[in-house]
Amino acid sequence: MSRDDVHSLLADLKEGHLLGEQNFRGLDVDAYLDERDEALFADEWMRAYERYAGDAALAEQEVLRNIRETAFKRTITLTGEPELAGYVSDDFGLIGCYLLQKEEQNDFVWKLFGSYRLGKLPLCS
């Protein structure tokens, strides 16, 4: 993966290919956020974050800031839920950091990204 992959991620977000109404249809936001905060998901997410996005210099690159901002704004527009938008924005920030520096396969980050590519939120079936 490379910088081109990260720019493609941003373009896909801006064009609505990764975040649309289908991601949020029928979502009970409070229940979803509670499930994400449970240790099984939250601990694995935090390990991935520390591995790939823990470097502030990397995480603050302009393209990554744009990815997080775009994900946040699209989620707010579609749901009106700022807390949910923060989680989604953080997910895309993590995915972007991973794509920039992918040295090995990380199943958790791929599953996270795969959920969004399928029009779902992580943990939602």
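All of the numbers you see were taken from the coordinates with simple rules; none came from a lab. Please read these numbers as outputs of a predicted model, since none were measured by experiment. FYI the Cβ positions are ideal-geometry reconstructions off the backbone, even for glycines, and counts take in every protein chain you see.
Considering only Tyr98, Tyr49, Tyr32, the Gaussian network model of the chain with Cα springs below 10 Å gives its largest mean-square fluctuation to Tyr32.
With neighbour counts taken as other beta-carbon atoms within 10 Å, the residues Ile76, Ile67 rank, fewest first, as Ile76, Ile67. Extent of the range 27-85 along its three principal axes (Cα atoms, max minus min coordinate, largest first): 35, 29, 10 Å. Does the range 76-125 come out rounded, prolate or oblate, given a ≥ b ≥ c as the square roots of the eigenvalues of its C-alpha gyration tensor, rounded meaning a/c under 1.5 and, failing that, prolate meaning a/b above b/c? The shape class here is oblate. Modelled this way, with points 7 Å down the Cα-to-C-beta line, the labels at Leu40 and Asp4 are 3.9 nm from one another.
Projecting the Cα atoms of Val109, Asn23, Pro122 onto the dipole axis of the chain, where Lys and Arg carry +1 and Asp and Glu carry -1 at the beta carbon, places Asn23 farthest toward the positive end. With contacts taken as Cα pairs under 8 Å at a separation of at least 6 residues, the chain carries a relative contact order of 40 percent. Its DSSP H runs of at least 4 residues, each contributing -39,500 (n - 2.57), put the calculated 222 nm mean residue ellipticity of the chain at -22500 deg cm²/dmol, to the nearest 500. What shape does the chain have by the C-alpha gyration tensor, where a ≥ b ≥ c are the square roots of the eigenvalues, rounded means a/c under 1.5, and otherwise prolate means a/b greater than b/c and oblate the rest? In terms of gyration-tensor shape, oblate. Among Phe108, Phe113, a tally of other beta-carbon atoms within 10 Å of each Cβ gives an order, fewest to most, of Phe108, Phe113.
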